[in-house]
Amino acid sequence: MTDARLLTRAGELRSGRTPFVLATVVRAERPTSARPGDTALVLPDGTLEGFVGGACAESTTRLEGLRMLAAGESGLLRIAPDGTATVDGVRTVANPCLSGGTLEIFFESVLPPTLVSVFGDAPVARALVRVGEALDHDVRAGTDPDAPITPDTEAVVVASHGRDEPAVLAAALRAGVPYVALVASPRRARGVLAELAALGVPRELCDRVRAPAGLDIGARTAPQVALSIYAQMLAAAPAVRENRRGDDDARARPSGIATDPVCGMVVAAVSASLHVDHGSGTVYFCGPGCRQAFVDDPGRYAQAPESR
């Protein structure tokens, strides 16, 4: 894949709100087939697109890319034959498949911006769009109560002032949206929550609605109210991350790791890695050479470590 095509692909992933890691070779020490500037994308399912070296370097890039993506972090990785030469601030791993060469690869996690759905067209709703965009959020406003909720929506704020409030709140709660809020006075908020209960929404879900929305910062104008809502959303973020950790891990990390029984290298236990079904399980490999060695004489590696 050429650099131009890789950049186009990265743009497509961003548009589709698919998280990925951009891996760029920043230093290459012979012998190695990679060169500084070579790049690859690591997707949540372990798919690797682009080029950062041979099969073993690719296998390490896949595993480390998935780790970076799961943590939402960026960093520099040094892949060395024995993994003993350490550098401050650089994660170093051993790659027994490299023939004496060393690679340094920078991993940049590219995560989709926080997706906020605003229901309504009142002044506060319009202010939520403006303030959210200033915060680099992906803010989508609408007035259709039947519009589907995008699966990775982080917040739904209802600011319609009496129009279809219970239906939209109920849909957001049932979809598991982390932050759900209603712009209303305390009195009207109590009435809307009572309507939610009448619709059969469980009490524990009703209690998750932030109503009235926003922190008490003395807000009076529509932009100030919007600011108070985003402040409340930010304050709630640590709890939201904890609650959604399971879902995030399922999307952005390998199902496990495994050890190549031929060379002993740790690899990602995902379908994108080279593997064979053997006995009652699946055996994963760093590259085609190790895979072929196993296929030629599986009895030699009968004690192959299980994926974990």
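Throughout, read-outs are computed from the coordinates displayed, never taken from laboratory work. Source: prediction; values computed, not measured. For neighbour counting, all protein chains shown are included, and Cβ atoms are generated from backbone atoms with ideal geometry for every residue, glycine included.
Some notes on this structure:
- Per-residue Cβ neighbour counts within 10 Å put C263, C290 in the sequence C263, C290, beginning with the fewest.
- Efficiency of FRET from Cβ geometry, A235 and L76, R₀ 30 Å, rounded to 0.05: 0.40
- Our coupling estimate for the range 128-133, obtained by passing each phi through the Karplus curve with A = 6.51, B = -1.76, C = 1.60 and θ = phi - 60°, is 4, 5, 5, 5, x, 5 Hz, Gly and Pro reported as x.
- Fraction of the pair-distance distribution of the range 1-127 above 18 Å, Cα-Cα pairs, percent: 55
- Placing pseudo-labels 7 Å out from each Cα toward the beta carbon at R130 and T8 gives an inter-label distance of 3.9 nm.
- Using θ = phi - 60° in the Karplus curve 6.51 cos²θ - 1.76 cosθ + 1.60, the 3J(HN,Hα) couplings for the range 117-127 round to 9, 10, 9, x, 9, 7, x, 5, 4, 5, 5 Hz; x is entered for Gly and Pro.
- Our note on the geometry: Cα centres of the range 176-236 and the range 105-168, 14 Å apart.
- Here the dipole of the chain is about 700 debye; that uses its Cα centre as origin and unit charges on the Cβ of Lys and Arg (positive) and Asp and Glu (negative).
- Close amide H contacts of I257 (hydrogens built in the peptide plane, cut-off under 5 Å, sequence separation of 5 or more or a different chain): A269, R308.
- Neighbour counting of Cβ atoms within 10 Å sorts the residues Y301, Y230, Y179, Y284, fewest neighbours leading, into Y301, Y230, Y179, Y284.
- Label-reachable residues, the range 100-138, where backbone N falls under 17 Å from a point 7 Å from D164's Cα toward its Cβ: 117-123, 125-126
- Comparing R35, R291, R190 in a Gaussian network model of the chain where C-alpha atoms under 10 Å apart are linked, the largest mean-square fluctuation is found at R190.
- Per-pair calculated FRET efficiency, R0 = 45 Å: D297 and R174 via Cβ, rounded to 0.05: 0.25
- Using Cβ point charges alone (K and R +1, D and E -1), the dipole size of the range 1-84 about the Cα centre works out to roughly 140 debye.
- Convex hull volume of the C-alpha atoms in the range 109-193, normalised per residue: 92 Å³.
- Residues whose placed amide H lies under 5 Å from that of H278, excluding near-sequence neighbours: V283
- With Cα atoms as the point set, the range 257-301 shows a radius of gyration and Dmax of 9.3, 25 Å.
- 3J(HN,Hα) from dihedral phi, the range 37-54, Karplus parametrisation 6.51/-1.76/1.60, rounded to Hz, x for glycine, proline: x, 4, 9, 8, 10, 10, 8, x, 8, x, 4, 10, 10, x, 8, 9, x, x
- Along the axis of the charge dipole computed for the chain (Cβ charges of +1 for Lys and Arg, -1 for Asp and Glu, origin at the Cα centre), the listed residues A222, V90, L205 are led at the positive end by A222.
- Selection from L63, A125, G37 lying farthest towards where the dipole of the chain points positive, charges on Cβ: A125
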